[in-house]
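Q: Quick one: this structure, given as structure tokens, is what I'll be asking you about.
The values are calculated or read from the model by the stated rules, or taken from the named source; none is laboratory data. These numbers come from a predicted model, not from an experiment. We place every Cβ from the backbone using ideal geometry, glycine too, and count neighbours over all the protein chains shown. Note: areas computed on protein heavy atoms with side chains; ligands, DNA, RNA excluded. Shrake-Rupley method; radii C 1.70, N 1.55, O 1.52, S 1.80 Å.
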Amino acid sequence: MSVICGVECVLLLGCSRWAWKRCTYVGSDDSETWPLATPDEFEPVPRVCRLILAVYETDLRNPEFPPDGGYRLNPDWVLKRVTYEQTLGRAPPYLIYADHDRKEIVVAIRGLNLAKESDYKLLLDNRLGMQMFDGGYVHHGLLKSAVWLLKEESETLKRVWEETGKEYQIIFAGHSLGSGVAALLTIVLVNHRDRLGGIPRSKIRCYAVAPARCMSLNLAVKYADVIHSIILQDDFLPRTPTPLEDIFKSIFCLPCLLFLVCLRDTFIPEDRKLRDQRRLYAPGRMYHIVERKFCRCGRFPPEVRTAIPVDGRFEHIVLSCNATSDHGIIWIEREAEKALNIMRETKSETITVPPKVQKLERLQTIEKEHKDALERAVTLNIPHAASTVDELAEKEETQAEPTQADKGDTPKAKSETSSRGANWDELVEKLFKRSESGNLILKKESDSPQIQ
């Protein structure tokens, strides 16, 4: 009898300890050891959030729901607006905007529309380990959407980039569902830069706002130099390892699902999660906006922390009443703007070195963080991480040589371009089929290639 009582006491203590740790775990714990971001690197975030919000408007000259301070864009610089009727469900609505003041060409993609069946089809078109790309796994439906969008708009983007003297940056930005499309669109373009006239990798950027888990860990770390994820405090989507298709099947019982996922993941060892190459993660470098503290009421002045985490990459579900509200693009834009203003005020008060020197030092730190993250991935035996480090070393050697590879003048550059073209054709053939009229049509799930 005493043995049974002892076992019950141990179980009770264990369950109580688990419940205490889970209930006291707050979103800020994920990034408590990260350094603070600088205003220069975070400056584009509120701006791209406003551009994503602009996709929801039907008339930018007379907006119905402008954020505080308005959209702060020139409607005459909007090159193209694409609606659901034009995409026919192949991608979420988006707009292309040429910011001539900052020398940027921005493709902004809206988030999930709960009333649109086509958005659910994109999310449901996936299974664990269904689609490989560049040595890792990606979300199949979002990859198809990204490839369609690039094929549809590559000529427009190439023409505008060349007309502006090849000096502008190409920025892809998206929220929620759109963030997954934007992130995968970025890695496709980085691997097929000839589609935009050989644009350098350094001129490609992606801002994934409230990002979906859309790529395996080795890809998330590999492309951290071009993809930036913005997460507001307790946002549920970047933390939920459950496949997207299962999340949105249960959208109307989301708190129950999050609790069950939280309970299940407690018993899965961290190293087992890291070694599962099919497991998808939020992409790139993380920017975590923190504005609430444990056992404190109200919101505090937001601060932004940044890092390229490998282990502990937003793996814990936060049981919070703000888990869904922190996913909203309106709140993210508002808090990002506040955080940026605070960073600028703090910087002006504490500046001790010239801005140019400060910016150069930060760029060097960012590059070092990326290398350290790649090496950390190799140390943890992340699948395919070693090949990623080798590719980075080869890229640095290539950049150090004074060649004209970007212009395609050398035989080596030409062969690389033709190789990329072949790979692009293969990718399109895997994801699409041609109709009798010659138009590209998305393959059905039953027809799509399953790569083991």
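Q: Which condition does L60 not pass, out of (1) in a loop (DSSP other than H, G, I, E, B); (2) at pLDDT 95 or above; (3) not aromatic (F, W, Y), if it passes all the others?
A: (2)
Q: So which of R61, R102 is surrounded by fewer than 15 Cβ atoms within 10 Å (Cβ to Cβ) and farther than 25 Å from M286 by Cα?
A: From the options R61, R102, the qualifying one is R61.
Q: Please go through (1) exposed (fewer than 11 other Cβ atoms within 10 Å of the Cβ); (2) of a type in the set (F, W, Y); (3) at pLDDT 95 or above for W20 and return the number of the only condition it doesn't satisfy.
A: (3)
Q: Output the number of residues of the range 110-127 satisfying the condition of being buried (at least 22 other Cβ atoms within 10 Å of the Cβ) and acidic (D, E).
A: Qualifying residue count for the region: 2.
Q: Which of the residues that make up the range 321-331 are within 19 Å of Y287 (Cβ to Cβ) and part of a loop (DSSP other than H, G, I, E, B)?
A: Hits for the range 321-331 are N322, A323, G328.
Q: Pairs needed: first member in the range 178-194, free of Cβ contacts under 8 Å to residues at least 40 places away in the same chain; second member anywhere, surrounded by fewer than 21 Cβ atoms within 10 Å (Cβ to Cβ) and of a type in the set (K, R); C-beta distance under 8 Å; at least 6 residues apart or different chains.
A: Short answer, once both residue conditions are applied: L189/R195; V190/R201.
Q: Contact list please: Cβ distance under 9 Å, first residue in the range 143-165 and more than 30 Å from D125 (Cα to Cα), second residue open to solvent by less than 10 Å² (accessible area, probe 1.4 Å) and not in a helix (DSSP H, G or I), pairs at least six apart or on different chains.
A: V160/I96; V160/A98; V160/I105; W161/I105; W161/I170; W161/I199; T164/A98; T164/I105
Q: From the list K222, K203, pick out the single residue that is basic (K, R), closer than 26 Å to R305 by Cα and free of Cβ contacts under 8 Å to residues at least 40 places away in the same chain.
A: Working: K222 fails: free of Cβ contacts under 8 Å to residues at least 40 places away in the same chain.
So the residue among K222, K203 that is basic (K, R), closer than 26 Å to R305 by Cα and free of Cβ contacts under 8 Å to residues at least 40 places away in the same chain is K203.
Q: Pairs only if they're at least six apart or on different chains, beta carbon under 6 angstrom, first in the range 305-323 and touching a residue at least 40 places away in the same chain (Cβ under 8 Å) and buried (at least 20 other Cβ atoms within 10 Å of the Cβ), second polar (S, T, N, Q) and in a strand (DSSP E or B); list them, first residue then second.
A: none
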